[in-house]
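Note sheet for the following structure.
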Amino acid sequence: MYKEFQSHLKGIIKEIIEAGLYKNERIIVSPQGAEITLDTGQKVLNFCANNYLGLSNNGQLAEAAKRSLEDHGYGMSSVRFICGTTDLHKKLESKIAEFFGTEDTILYAACFDANGGVFEPLLSEQDAIISDSLNHASIIDGVRLSKAQRYRYNNADMEDLEKQLQLAREQRYRLIVTDGVFSMDGNVAPLDKIVSLAEKYNAMVMVDESHSAGVVGKTGRGVTELYNLKGKVEIITGTLGKAFGGAIGGFTTGKKEIIELLRQRSRPYLFSNSIPPMVAAAGIRMIDMMTETNELQDRLHFNSEYFIKKMTELGFDIKPTRSAICAVMLYDAKLSQQFASRLLEEGIYVIGFYYPVVPKDQARIRVQLSAAHEIAHLDKAVSAFEKIGRELKVIK
Ligand SMILES: *Cc1c(COP(=O)(O)O)cnc(C)c1O
């Protein structure tokens, strides 16, 4: 059997290569950070990590993790409800709830699991999920696993959302779900308007704060802070794998009864291993750091504004953004690849995105800013963009 299947797979892989969509992985031999070393020996400035607060290689988090290795060991060898719950897991859950101003939190191995396991236990075929067209793949998969009726609205399009809410009027319960920050443009969901529409049409709201937690809002509490909506949305999901230390882990935080039912019924929680105690211990330290100071948020916000201002002055076409994501529009797919590989030669590591990751003829380079970047790093990146931009006739 495998011989036939093998040639079938080889055919698909060939198609991916021919379409220019084959993903190669670059190998890093240093810790994650503003400056990284590749296995080729090249040192590059990293502008494509989700390491928004520069915590991926933070000494305090590593220290907290190390200490917990001594007093709680390495792994749990259990799901939470059998024997996979430590005091550290419980403490992190309550810290996350405190951070977001919610009632309770449930941890998962990843936000992919949080989103995968949130809809099916809560909603049935009598209910409706109204989902933004650009929501993350894990939300799309989670929605597919539930029996609820599905409605989709165009990205951040409030007229369309209203239309879908009218269509969903007959359903028993309605849940609007949106990413907080959309990862390809860096735009923020218009959560103020979403919550107003939810009130008007008697719906609930869920926000995935994966790209916004730690980043958006004066103190990094995400889009609910930006729009002053603390406690106004029923469900928030997020990841420990981006701004929050970058290791692994996800969570759902929100109304008490929702979290309680998820603990009883959410399949990725019930049937998948508990996160290691060291990740919980570092997570606790991370939330404490955020509560003690806004230093990292301030630096990130400064860096983002600085970079975007310089790039705009040079004449680059930047998508409107309120996050640490800066999409430098090039439109042409080939150009985006050429631009990114020239930047790498100049020591700037970024990724060019093109169809089908973004719409056709909307190719771009996505730059992700970090609190770990120093002004000299930003200046070096801007200079490299200027040089290559002129070389490739993107700017004058
Ligand atoms: C990254 C991301 C996820 C997945 O998070 P993991 O913890 O890495 O599984 C989910 N939702 C959104 C919006 C994301 O950006």
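The values are calculated or read from the model by the stated rules, or taken from the named source; none is laboratory data. Remember, predicted model here, so these are calculated numbers, not experimental data. Note that we place each Cβ from the backbone using ideal geometry, even for glycine, and neighbour counts take in every protein chain shown. To get the accessible areas, we keep the full protein, side chains included, count just its heavy atoms, and leave off ligands, DNA and RNA. Shrake-Rupley method; radii C 1.70, N 1.55, O 1.52, S 1.80 Å.
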In nm, spacing of pseudo-spin labels at Gln60 and Asp379 (7 Å Cα→C-beta vector): 2.9
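Please get the size of the charge dipole for segment 59-292, origin at its Cα centre, with Cβ charges of +1 on Lys and Arg and -1 on Asp and Glu, quoted in debye to the nearest 20.
Working: 27 positive and 31 negative charges, 65 e Å.
Computed about the Cα centre, the dipole is about 320 debye.
Based on the Cβ-Cβ distance from Glu346 to Arg26, what FRET efficiency comes out when R0 is 22 Å, to the nearest 0.05? Numbers along the way, then the final one.
Values: r = 16 Å, r/R0 = 0.71.
For Glu346 and Arg26, the calculated efficiency is 0.90.
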Per residue, in Å², the accessible surface of segment 59-292 once ligands and nucleic acids are set aside, probe 1.4 Å: 42
Rough spin-label spacing in nm, given labels placed 7 Å along Cα→Cβ, for Arg67 and Lys200: 5.1
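Dipole of the chain, Cα-centred, from +1 at each Lys and Arg C-beta and -1 at each Asp and Glu C-beta, to the nearest 20 debye? Let's see the in-between values first.
Working: 48 positive and 50 negative charges, 102 e Å.
With Lys and Arg at +1 and Asp and Glu at -1, about 500 debye.
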Other-chain or far-sequence residues with amide H under 5 Å of Tyr52's (modelled H): Ala243
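In the neighborhood of Glu305, defined by Cβ-to-Cβ distances under 13 Å, what is the net charge if each Lys or Arg adds +1 and each Asp or Glu adds -1? It would help to have the intermediate numbers written out before the result.
Working: positive: Arg299, Lys309, Lys310, Arg322; negative: Asp298, Glu313.
Neighbour charge sum, excluding Glu305 itself: +2.
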Three-way shape call for the chain based on the alpha-carbon gyration tensor, with the a/c threshold at 1.5: rounded
Alpha carbon centroid spacing (whole Å) that separates segment 39-65 from segment 213-280: 22
Estimated vicinal HN-Hα couplings, Hz - segment 44-52 in sequence order (Karplus 6.51, -1.76, 1.60; Gly, Pro = x): 10, 8, 9, 10, 9, 9, 8, 7, 4
Per-residue ³J(HN,Hα) for segment 202-214, Karplus 6.51 cos²θ - 1.76 cosθ + 1.60, θ = phi - 60°, Hz, x for Gly and Pro: 6, 10, 9, 10, 10, 10, 9, 9, 3, 8, 10, 5, x
Under-5 Å amide H pairs with Ile395, H placed in peptide plane, nonlocal only: Arg390
Carbon/sulfur fraction of accessible area - segment 59-292, other protein chains in place, 1.4 Å, %: 49
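In the neighborhood of Ile258, defined by Cβ-to-Cβ distances under 9 Å, what is the net charge if each Lys or Arg adds +1 and each Asp or Glu adds -1? Intermediate values should be presented prior to the final figure.
Values: positive: Lys255, Lys256; negative: Glu103, Asp104, Glu234, Glu257, Glu260.
Net charge in that neighbourhood comes out at -3.
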Estimated dipole of segment 248-396 in Debye, rounded to 20 [Cβ of Lys and Arg +1, of Asp and Glu -1, Cα centre]: 560
Given the chain, longest segment not containing exposed loop chymotrypsin sites (Phe, Trp or Tyr not before Pro) (DSSP; at most 15 other Cβ within 10 Å): 75-270
With DNA, RNA and ligands ignored, accessible area of Leu88 (1.4 Å probe; Å², nearest 10): 30
Fully extended contour minus Cα-Cα distance, from Lys393 to Arg150, at 0.36 nm per residue: 83.0 nm
Accessible-area ranking of Thr85, Thr253, largest first, probe 1.4 Å: Thr85, Thr253
